[in-house]
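Report on one structure; see the data block that follows.
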Amino acid sequence: MASVRFESVTKRYGDGVALRELDMTVNDGEFLVFVGPSGCGKTTTLRLLAGLETATSGHLYIGDRSVDTLPSKDRDIAMVFQSYALYPHMTVAENMAFSLELQGLSRGEIQQRVQRAAQQMGLETLLQRKPKELSGGQRQRVAVCRAIVRNPAVFLMDEPLSNLDAQLRGQARAEISQLHRDLGTTVIYVTHDQVEAMTMGTRIAVLNQGVLQQVDTPQAIYSTPKNKFVAGFMGSPAMNFAEGVLINRDDQIWFQSSALTLPLPPLQSPTPYQRYLGQRVIGGLRPEDLHDPRFCPADIPTSPLRGTIHHRESLGNEVILYLTLADGQTLMARVDRRSEMALGDTVELLANTAALHWFDPQTEEAI
């Protein structure tokens, strides 16, 4: 096991910057997830650490050792790719053993490692099959097992579940998370899937356009996003945003836009907002913080808003409403599955004002 450290790591391709001044540490034994949209720099970060790319500037460390000039084979890492890259002419056991044979390990040691890894991932009965005889989920397990047998200091995983269907992804998430708990090895995982990031990572690092936006626990990323990008990217459906003005009315601060008038609850300290009084701000509210009045929790501060439902999705366990407000702006609400609000209805929802987020319209940083 080992920690990983990035010191001002930058990667350029001609005039383009894929990664800019990345400074962060991945702790020993941590499961860190890099997440962000396509082209944000997350796979580039993994390839730099793996030695498949060379940083334009900055330094990389695995443990206390600089790996800037080390070839990939000497970095003590194991990588699991989006394409499982299994040798089609080899059996499962041979695929798992191949890297160990290159290391010159004894036949007994190789067999012991292969058996142990196969048992961990439930592949004992499939060791003599070829990849073409396996399902997608089984191939994914073989790729993970091939990494396990090497006993690396760091696992690098580049969207390893993206080729699986939804049910298998859920199962594989649980298996990889359990494997991390069993092995205690440092894992750096790349995905664009927020669900994978939220459910698997001990910490999440959010990237956008090659710049690290925020790194924190999943709950902190979700509850206290550092800026508007993080707030909008993490969460599905995405956070609703509206631009308006903060005003003082009867010694209480209110948010006012062309279609919304919402009070900041008294329990919220007014100090950070004083300098924004009379100025424009961006307000944010997650869809699950808009409630059908019939099923609204009784212990939260609320304020009503009205809109017309132009689309409705019933997902069994919840209902997603798409509303058009008086000024033509749209927003989404995730309401109780028992809600009977129908397509075309003009409805009144209750906004949880304690859950409002505020962002500076110039910097887009959280207020």
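No value in this document is a laboratory result; all are computed from the given coordinates. Just so we're clear, the structure is a prediction, and the values are computed from it rather than from any experiment. Please note: Cβ atoms are built from the backbone with ideal geometry, for glycine as well, and neighbour counts cover all protein chains shown.
What the Cβ-Cβ distance of THR271 and LEU168 gives, at R0 = 56 Å and to the nearest 0.05, is a FRET efficiency of 0.70. The angle between the Cα long axis of helix 107-120 and the main principal axis of the chain comes to about 20°, on a 0 to 90 degree scale. Distant-in-sequence amide contacts of GLN213, defined by a placed amide H-H separation under 5 Å and a gap of 5 or more residues or a different chain, comprise VAL206, LEU207, ASN208. Rounded to the nearest 20 debye, the dipole magnitude of the range 260-359 is 280 debye, with +1 charges on Lys and Arg beta carbons, -1 on Asp and Glu beta carbons, and the Cα centre as origin. Rounded to whole numbers, the Karplus 3J(HN,Hα) couplings from phi for the range 69-77 are 10, 7, x, 4, 5, 9, 8, 6, 10 Hz, using 6.51 cos²θ - 1.76 cosθ + 1.60 with θ = phi - 60°, and x at Gly and Pro.
Dipole check for the chain: with +1 at the C-beta of Lys and Arg, -1 at the C-beta of Asp and Glu, and the Cα centre as origin, the magnitude is about 940 Debye. The DSSP beta bridges internal to the chain are antiparallel in roughly 75% of cases. Legend: ranking of residues CYS40, CYS145, CYS296 from fewest to most surrounding C-beta atoms inside 10 Å; resulting order CYS296, CYS40, CYS145.
Relative contact order of the range 260-359, taken over Cα pairs closer than 8 Å and 6 or more residues apart, is 39 percent. Available extension along the chain between ALA326 and PHE241 is 29.1 nm, counting 0.36 nm per residue and deducting the alpha carbon span. Rounded to the nearest 10 degrees, the inclination of helix 136-148 to the longest alpha-carbon principal axis of the chain is 60 degrees.
Here the relative contact order of the range 1-142, from alpha carbon pairs under 8 Å that lie six or more residues apart, stands at 20 percent. Just to be sure I understand: with springs between alpha-carbon atoms less than 10 Å apart, which residue in ASN227, ASN248, ASN240 has the highest mean-square fluctuation in the Gaussian network model of the chain? Looking only at ASN227, ASN248, ASN240, the largest GNM fluctuation is found for ASN248. Using the Karplus relation 6.51 cos²θ - 1.76 cosθ + 1.60 with θ = phi - 60°, the per-residue 3J(HN,Hα) values for the range 353-367 come to 6, 6, 9, 5, 10, 10, 9, 5, x, 7, 8, 6, 7, 5, 8 Hz, with x marking Gly and Pro. Annotation: amide H-H contacts under 5 Å for GLY63 (H modelled 1.01 Å from N, sequence separation of 5 or more, or interchain): SER3, VAL4, ARG5.
Between the amide H of VAL190 and those of PHE34, MET157, ASP158, GLU159, distances stay under 5 Å, these residues lying 5 or more places away or on another chain, with hydrogens modeled in the peptide plane. What is the distance in Å between the Cα centroid of the range 4-37 and that of the range 294-341? Going from one Cα centre to the other spans 39 Å. In percent, rounded to a whole number, the relative contact order of the range 59-124 is 15, using alpha-carbon pairs under 8 Å and six or more apart. Between PHE241, PHE295, PHE81, find the one with the highest GNM mean-square fluctuation for the chain; connect C-alpha pairs within less than 10 Å. Sorting by GNM fluctuation, first place goes to PHE295. What FRET efficiency do you get for GLU318 and GLN115 if R0 is 30 Å and r is their Cβ-Cβ distance, rounded to the nearest 0.05? Step by step, r from the Cβ atoms, then E = 0.10.
Counting only alpha carbon atoms, the long axis of helix 166-183 and the longest principal axis of the chain meet at about 60°. The protection proxy used here, the mean number of other Cβ atoms lying within 10 Å of each residue, ranks peptides 176-183, 274-281 as follows, highest first: 176-183, 274-281. Centre-to-centre, using Cα atoms only, the range 185-256 and the range 64-88 are separated by 31 Å.
Each Lys and Arg Cβ is given +1 and each Asp and Glu Cβ -1; about its Cα centre, the range 1-156 then shows a dipole of about 580 debye.
Modelled this way, with points 7 Å down the Cα-to-C-beta line, the labels at ASN248 and TYR13 are 5.2 nm from one another.
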